[in-house]
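Worksheet: one structure, shown below.
The values are calculated or read from the model by the stated rules, or taken from the named source; none is laboratory data. No experiment lies behind these values; they were computed from the predicted model shown. Here Cβ is always computed from backbone atoms with ideal geometry, including for glycine, and neighbour counts include all displayed protein chains.
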Amino acid sequence: MTETIERFDGVTIGEGSVEVGARLARMRRSAAAARQRKLFAAAGNAGDADARVTGASSASCRAAFPKLHSKLSAWFAAHKRDLPWRADRDPYRVWISEAMLQQTRVDAVRPYFARFLERFPTLRSLAEAPEADVLAAWSGLGYYRRARTLRQAARAIVADHDGVFPRERESLLALPGIGPYTAGAIASIAFDAREPLVDGNVARVLSRLFALDGDPRSSDAQLWSLARELLPTESSCGDWNQALMELGALVCTPREPRCGTCPLRAECRALEEDRVDELPRPKPRPSAIAVDLVVIAVVADGRWLLERRPSSGRMADMWQLPTIEIASGVGERAGGREMQADGERTASELSLERSNAPGARERSDLDSSAMGRLHPTRWPSGFDVRMGPELGSVRHTITRHRIRASVHGAEVRRATRSKQEHAPHPSFEWFERRAIDDLALTGLSRKVLRSQFLAILPALEDLRATTTRSSQSNPLAND
């Protein structure tokens, strides 16, 4: 192996082993920290001996800003993605896109953005729409509170601003559902106001660029202050904010960042100190929650039975296939076998037995102890349903809830449904299949309805109906 020699303050190190290499990396970081302390001392902050954990000094930051602006702006002009919400700077389109992009991938948002604007092309059309229509257009994106607050904010703009989108940050923040990030995005991108924004991408870029190593729970104020200080004075603030976000999305990614192609690599302190993988420090995350559900698909006379969720809580007033939650922590494989073997036992019976099943609390990868219920554990009183074998299962995630839904074909007993046009319970209703897609449907139910294994149900219903008619027409058929 060829030995590499480096010097730090008169000390010569040979990089010939893993141990020495690690020592070399530590000394690189120490030297960078020493340079940083000198910068702070020159700026009058000599008392801050640990200044490297709070980032570059104002003097050193400002000196680098013109170069950062020039490099990143050129990169953004050459590499920015062609996204539909960038077609113009209409504040309504910017607002809708920013609401959809929160906690949601760009590729998932594209089709929803187009359909939503086709259905609600103007702010006023959104303000005048029934909430159910807005939820239906949003169905599948999740985080449905965003859709509700969009409509509420649209109504507030019509009522308080004569339908004209406000430009000022304070006025934007006063609208339902708009926080500091969205206000900064609308103000800067739509109106080119000198307003900063900090999302996950921007936070990651700034943390690495300036080697911010503070407590992630208290770093938000510092990031916002730095983002404001970085805003250009002679070019578009909207383009600058978008360029920072784009760099975080395409190059300065959480894992395996493409530092070799980064336009700011020469200025990146985390790269210089070999700490890119360390920064930003991860925020503590709550444990995931395991949730096991039973979903039933009931088809009768060509119609599907749906239930409406309560008017408060998660996914309020949305429609779903009838669903109950079974006892937390039940092993998935055992659960699947139990339900197939038990055939026509009721879901409530299974729920009770599963809660006492061996291994019910042995889920090591997910923490079920602190589970908050997403669904009831029993069917409504008087709702008598008989389930068949499991048709298939679906995986779904809602915030930190990791869901496995076991899907079964089922029948509602005649005594509970009387005439087929009547639902078996006030929260249930029968729908033609073609009408379901236009409902405000939960993401899980939409996923189940699109599954291949569910396609067998209408055929089984047709066969059952044919068998029943044949039996009725032949008095000897049951002999």
Next item on the list: Could you tell me which numbered condition A334 fails, if it satisfies all but one of (1) assigned to a helix (DSSP H, G or I); (2) of a type in the set (A, V, I, L, M); (3) at pLDDT 90 or above?
Entry: (3)
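Any residue at all in the range 221-229 that is under 30 Å from R281 (Cα atoms), assigned by TED's automatic domain parsing to the domain that holds K71 and of a type in the set (F, W, Y)? Don't jump to the end; show me each part of the working.
Filtering the range 221-229 for residues under 30 Å from R281 (Cα atoms) gives 221-229.
Those still in the list that are assigned by TED's automatic domain parsing to the domain that holds K71 too: 221-229.
With of a type in the set (F, W, Y) added as a condition, the list becomes 224.
Yes: the range 221-229 contains one or more residues that are under 30 Å from R281 (Cα atoms), assigned by TED's automatic domain parsing to the domain that holds K71 and of a type in the set (F, W, Y).
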Item checked: Residue check for E278: closer than 30 Å to P91 by Cβ and at pLDDT below 95 -> no
Item checked: Lone unmet requirement of (1) in a helix (DSSP H, G or I); (2) surrounded by fewer than 20 Cβ atoms within 10 Å (Cβ to Cβ) for T182 -> (2)
Notebook entry, point to check: Of all residues in the range 279-301, which are under 27 Å from E411 (Cα atoms) and surrounded by 13 or more Cβ atoms within 10 Å (Cβ to Cβ)?
Noted result: V291, D292, L293, V294, V295, I296, A297, V298, V299, A300
Next item on the list: Taking the options R81, R167, R89, R148, name whichever one is part of a helix (DSSP H, G or I) and among the basic types (K, R).
Entry: R148
Margin query: For the range 208-236, give me the residue count where each residue is under 21 Å from A74 (Cβ atoms), assigned to a helix (DSSP H, G or I) and in contact with a Pro (Cβ under 8 Å, 6 or more places away or on another chain).
Written below: 3
Check: Just checking, which of L306, L279, L247 is at negative phi, in contact (Cβ under 8 Å) with a residue 60 or more places away in the chain and in a strand (DSSP E or B)?
Finding: L306
